[in-house]
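Notes follow the structure.
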Amino acid sequence: MAERFDFDRIGRRMPYTVPAGAMDELERNVWCEVAKERAMETRRGCYRLRVALRAAVAAVATVALLIAVDWYSGRRQVYDIAAVERAFNNLDDADRAYILQVYEDDLFINELY
């Protein structure tokens, strides 16, 4: 087979041609795509950071609200019946009569079960 095939006859020409500047343009296009991908990764990172910060703020606000509610409920005054009677006795006659009338006309208090 080596006798029939002559490599000198084939020559050294390229089987394809590339226009001038095609490789430079290809390189520029590749770098543009790489820059776009990096920008997208940066945006994704910023988005994730914003979501994480919002979640952290919500968690802190929830804890603060729970602490405030607990603190407020501990400060609530408990009135005994003697304190209510003293306050009722300090009212003038017209106010006492009005409160008694509203109490007697209340549908929910007088409703039979």
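The values are calculated or read from the model by the stated rules, or taken from the named source; none is laboratory data. Treat the numbers as computed from the prediction; the structure is a model and nothing was measured. Cβ coordinates were reconstructed from backbone atoms using ideal geometry, including for glycine residues, and neighbour counts include every protein chain displayed. We work out accessible area using only protein heavy atoms, side chains counted, and drop any ligands, DNA or RNA first. Shrake-Rupley method; radii C 1.70, N 1.55, O 1.52, S 1.80 Å.
Values as computed for the structure displayed
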item	result
Surface share of carbon and sulfur [accessible, 1.4 angstrom probe, percent] for the stretch 28-113	63
Solvent-accessible surface (1.4 angstrom probe) belonging to LEU26, in square angstrom, nearest 10	100
Estimated inter-spin distance, GLU33 and VAL60, nm [label 7 Å along Cα→Cβ]	4.3
Computed Rg/Rh of the stretch 56-102, alpha carbon atoms with Kirkwood Rh	1.38
Cα gyration tensor of the stretch 20-113 - equivalent ellipsoid semi-axes, whole Å, descending	75, 17, 11
Added length on full extension, which subtracts the Cα-Cα distance from 0.36 nm per residue, ARG48 to ILE109	16.4 nm
